[in-house]
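Report on the following structure.
The values are calculated or read from the model by the stated rules, or taken from the named source; none is laboratory data. Note that the structure is a prediction, hence the values are computed from the model and not measured. When we count neighbours, we look across all protein chains shown, and the Cβ atoms used for this are built from the backbone with ideal geometry, even at glycine. Surface accessibility is based on the protein's heavy atoms, side chains included, excluding ligands, DNA and RNA. Shrake-Rupley method; radii C 1.70, N 1.55, O 1.52, S 1.80 Å.
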Amino acid sequence: QLPDLVVNSNHNPKLRELHEEKQSLVRDAQQELSKAQHGYASFADVKLESNNQYAYFMRTTKGDDERQLRANSSKVRVLSLQKNGVHFTTDNLESISARVADIDREYQQQQKAIVIKAVETAATYMPIAEAASALVAEIDVLTGFAMAAALSSTEYTRPKFVDASTNGKIIMREARHPCVELMDSVSNFIANDYELEKNKSNFQLVTGPNMGGKSTYIRGIGSIVVMAQVGSFVPCAYCELSPVDCILARVGAGDAVQKGISTFMAEMLEASVILQTATSNSLIIIDELGRGTSTFDGFGIAWAISEYIVKHLGCYSLFATHFHELTALSRKFDNVVNKHVHALVQGDVGKEEVIMLYNVQDGACNESFGIHIANTAGFPPSVIKEAKRKASELERVNADEFTEAGAKKLKVSKEMIKGFFSEHENALNLTSATTEVTPDMQTVKTDLMKFT
């Protein structure tokens, strides 16, 4: 849509001609006003006015001047009687008004044609303007990258890309989250390594305490990969990676009440999109999947999704979780690796404090230290005591082959059973030959009761 513009008459000879003619007609209208003021309408206060309907007309300030005007001049033609006075005109003023209206219409047409031509002419410069803006934008972005790398208090490095078709990998040494390390509250960011290789360690489970840095660790790789693929230096000592086609993240928690979507449903919808979208060259970042429902349902969903990613997608994936049972995936699949954020527990029993070290190490962590964090938050001692008692009770019930602790207990139990039967093999063999309880068999019975 063309803008509504008024073109100055000095920009076009035709407009100048129309403007000068209109100014001449305005002077003629002023002369008609002067004749009225000094002649047939000298008894009243007469003004020259204009509107869209009559162009120019005259008006007295009193509504009862009509009769005197008609009596003083036969050339007066009353247009209307208004509250603000009598609107009237004359033949000469009417002729002037008609010509002024014609000039205004012609002026409008002429200036519209000029505006169209001006816009068409300006449009021819758009490709140049767009090219210039794109160039300036690119320079702006690259300058921003350069400033971030050059002015950083810690080292940035140029990433090295390798072909994903041969041996896909994402390897970063002493990597840092580019945003977290710039926070005023962070004085010394603890750098960590990433090493994801296809068919070897492309799926990594990250366990560890709350507030220990799991989320920062898994989000850091996403930020660094984005920076690398858009052409920036990255906050690492060394970076070598295969390009990824997309980064799919399931982090945070939030609902959509206006749409009737709960927090857990939003989590499931995001996870579903990830499974349908990801390819073997994608990077998946999952933070605490399945915590919005019961522990058993949540673990089942988390296990099934993890197994699907490992078996069917084979892409790079970091999965931060408090489901320690998931770490058993590393015994089932060769390309699943367990990582954990390190923490130390210090202090007397009942007054332990967790010191977060924020460094990521190999292996699984069998504790989340949630009760310790609750203690730090200032819970009443009775609440903390009951929480520990109940957690210990549930851990004894749920220790099975899916947990690292359960697996160790099962291994020890199997070794004890094997040793028991080896030690009493001769006595046990006698049971097939006699029903008499010998001293050796009584020893077996006593030991078995102790064992059980």
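Please work out which residue is farthest from Pro235 (Cα to Cα), limiting yourself to region 109-154 and to residues that are of a type outside the set (Phe, Trp, Tyr) and assigned to a loop (DSSP other than H, G, I, E, B).
Just the residues of region 109-154 that are of a type outside the set (Phe, Trp, Tyr), to begin with: 109-124, 126-144, 146-154.
Those still in the list that are assigned to a loop (DSSP other than H, G, I, E, B) too: 124, 152-154.
On the way: Thr124: 44, Ser152: 9, Ser153: 10, Thr154: 8 Å.
Out of the qualifying residues, it is Thr124.
Inspect all residues belonging to region 286-295 and state whether any of them is part of a strand (DSSP E or B), loosely packed, with under 15 Cβ neighbours inside 10 Å, of a type outside the set (Asp, Glu) and without any contact (Cβ under 8 Å) to a residue 24 or more places away in the chain.
So in region 286-295, the residues part of a strand (DSSP E or B) come out as 286-287.
From what's left, loosely packed, with under 15 Cβ neighbours inside 10 Å: none.
No: region 286-295 contains no residue that is part of a strand (DSSP E or B), loosely packed, with under 15 Cβ neighbours inside 10 Å, of a type outside the set (Asp, Glu) and without any contact (Cβ under 8 Å) to a residue 24 or more places away in the chain.
Here's a check for you: in region 296-346, which residue that is among the aromatic types (Phe, Trp, Tyr) and within 26 Å of His372 (Cβ to Cβ) is surrounded by the fewest Cβ atoms within 10 Å (Cβ to Cβ)? Walk me through it before giving the result.
Step one: of region 296-346, the residues among the aromatic types (Phe, Trp, Tyr) are 296, 299, 303, 308, 316, 319, 323, 333.
Among the residues that remain, those that are also within 26 Å of His372 (Cβ to Cβ) are: 296, 299, 319, 323.
Working: Phe296: 10, Phe299: 20, Phe319: 27, Phe323: 24.
Here the residue is Phe296.
Enumerate the pairs (first residue in region 263-275 and more than 14 Å from Ser294 (Cα to Cα); second residue anywhere and of a type in the set (Ser, Thr, Tyr) and part of a helix (DSSP H, G or I)) with beta-carbon separation below 9 Å, excluding pairs fewer than 6 apart on the same chain, so at least 6 apart or on different chains.
Leu275/Tyr308
All but one of (1) in a loop (DSSP other than H, G, I, E, B); (2) surrounded by fewer than 23 Cβ atoms within 10 Å (Cβ to Cβ) hold for Cys236; state the number of the condition that does not hold.
(2)
Looking only at region 269-282, count how many residues are under 20 Å from His322 (Cβ atoms) and open to solvent by less than 40 Å² (accessible area, probe 1.4 Å). Give the derivation first.
Narrowing region 269-282 to residues under 20 Å from His322 (Cβ atoms): 270-271, 274.
Still in the running and open to solvent by less than 40 Å² (accessible area, probe 1.4 Å): 271, 274.
Total satisfying the criteria: 2.
Could you check region 369-379 and list, in sequence order, the residues that are free of Cβ contacts under 8 Å to residues at least 12 places away in the same chain and open to solvent by less than 70 Å² (accessible area, probe 1.4 Å)? Spell out the reasoning first.
Filtering region 369-379 for residues free of Cβ contacts under 8 Å to residues at least 12 places away in the same chain gives 377-379.
Gly378 - this is the single residue of region 369-379 that is free of Cβ contacts under 8 Å to residues at least 12 places away in the same chain and open to solvent by less than 70 Å² (accessible area, probe 1.4 Å).
Restricting region 160-200 to residues that are small (Gly, Ala, Ser) and outside any loop (DSSP other than H, G, I, E, B), which is most open to solvent (accessible area, probe 1.4 Å)? Step through it out loud before you land on a result.
We begin by selecting, within region 160-200, every residue small (Gly, Ala, Ser); these are 164-165, 168, 175, 185, 187, 191.
This time we only want the ones that are outside any loop (DSSP other than H, G, I, E, B), so: 164-165, 175.
Values: Ala164: 28, Ser165: 96, Ala175: 5 Å².
Result: Ser165.
Is it the case that region 249-256 has a residue that's touching a residue at least 12 places away in the same chain (Cβ under 8 Å), over 19 Å from the mean Cα position of the chain (by Cα), crowded, with 18+ Cβ neighbours inside 10 Å and closer than 30 Å to Val162 by Cα? Don't jump to the end; show me each part of the working.
Taking region 249-256 first, the residues touching a residue at least 12 places away in the same chain (Cβ under 8 Å) are 249-254.
After this cut, where a residue has to be over 19 Å from the mean Cα position of the chain (by Cα) as well, the list is none.
No: zero hits.
One line per residue, one yes/no per condition, for (1) modelled with pLDDT under 85; (2) in contact with a strand residue (DSSP E or B) (Cβ under 7 Å, 6 or more places away or on another chain):
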residue: Gln31; (1), (2): no, no
residue: Glu49; (1), (2): no, yes
residue: Tyr56; (1), (2): no, yes
residue: Arg67; (1), (2): yes, no
residue: Ser73; (1), (2): yes, no
residue: Gly85; (1), (2): yes, yes
residue: Glu94; (1), (2): no, no
residue: Ile103; (1), (2): no, no
residue: Glu130; (1), (2): no, no
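Within the set of pairs 6 or more residues apart or between chains, which connect a residue that is without any contact (Cβ under 8 Å) to a residue 40 or more places away in the chain inside region 311-331 to a residue that is outside any loop (DSSP other than H, G, I, E, B) and open to solvent by 20 Å² or more (accessible area, probe 1.4 Å) with Cβ atoms less than 6 Å apart?
Within 6 Å, the pairs are Phe323/Phe299.
Taking the conditions exactly as written (under 26 Å from Glu386 (Cα atoms), within 31 Å of the chain's Cα centre (by Cα) and hydroxyl-bearing (Ser, Thr, Tyr)), does Thr321 satisfy them or not?
Working: under 26 Å from Glu386 (Cα atoms): yes; within 31 Å of the chain's Cα centre (by Cα): yes; hydroxyl-bearing (Ser, Thr, Tyr): yes.
Yes.
Show me the strands (runs of 3 or more DSSP E) found entirely inside region 1-102 where at least 2 residues are touching a residue at least 40 places away in the same chain (Cβ under 8 Å) and in contact with a helix residue (DSSP H, G or I) (Cβ under 7 Å, 6 or more places away or on another chain). Steps first, please.
Numbers: elements: 46-51, 55-60, 77-82, 85-89.
In region 1-102, 55-60 are the strands (runs of 3 or more DSSP E) which contain 2 or more residues that are touching a residue at least 40 places away in the same chain (Cβ under 8 Å) and in contact with a helix residue (DSSP H, G or I) (Cβ under 7 Å, 6 or more places away or on another chain).
Got a sec? Which of Leu69, Leu81 is of a type in the set (A, V, I, L, M), open to solvent by 60 Å² or more (accessible area, probe 1.4 Å) and more than 47 Å from the chain's Cα centre (by Cα)? Lay out the reasoning, then the answer.
Values: Leu69 fails: open to solvent by 60 Å² or more (accessible area, probe 1.4 Å).
The conditions single out Leu81.
Yes/no matrix, rows are residues, columns are (1) of a type in the set (Phe, Trp, Tyr); (2) surrounded by 21 or more Cβ atoms within 10 Å (Cβ to Cβ); (3) touching a Phe, Trp or Tyr at 6+ places or on another chain (Cβ under 7 Å):
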position	(1), (2), (3)
Gly208	no, yes, no
Ile221	no, yes, yes
Gln229	no, no, no
Asp245	no, no, no
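Counting just the residues of region 38-59 that are farther than 15 Å from Arg70 by Cα and out of contact with any Phe, Trp or Tyr (no Cβ under 9 Å at 6 or more places or on another chain), which one comes out surrounded by the fewest Cβ atoms within 10 Å (Cβ to Cβ)? First the steps, then the outcome.
Of the residues in region 38-59, the ones farther than 15 Å from Arg70 by Cα are 38, 45, 47-57.
Still in the running and out of contact with any Phe, Trp or Tyr (no Cβ under 9 Å at 6 or more places or on another chain): 38, 45, 47, 52-56.
Numbers: His38: 10, Asp45: 12, Lys47: 15, Asn52: 7, Gln53: 11, Tyr54: 17, Ala55: 22, Tyr56: 23.
It comes out as Asn52.
Take region 83-92 and flag every residue that is over 14 Å from Ala44 (Cβ atoms) and of a type outside the set (D, E, K, R).
Kept after step one, since they are over 14 Å from Ala44 (Cβ atoms), are these residues of region 83-92: 83, 89-92.
Answer for region 83-92, where residues must be over 14 Å from Ala44 (Cβ atoms) and of a type outside the set (D, E, K, R): Thr89, Thr90, Asn92.
Taking the condition open to solvent by less than 40 Å² (accessible area, probe 1.4 Å) and not aliphatic (A, V, I, L, M), does Asp102 pass? I'd like the intermediate steps shown before the answer.
Numbers: open to solvent by less than 40 Å² (accessible area, probe 1.4 Å): no; not aliphatic (A, V, I, L, M): yes.
So Asp102 fails the test.
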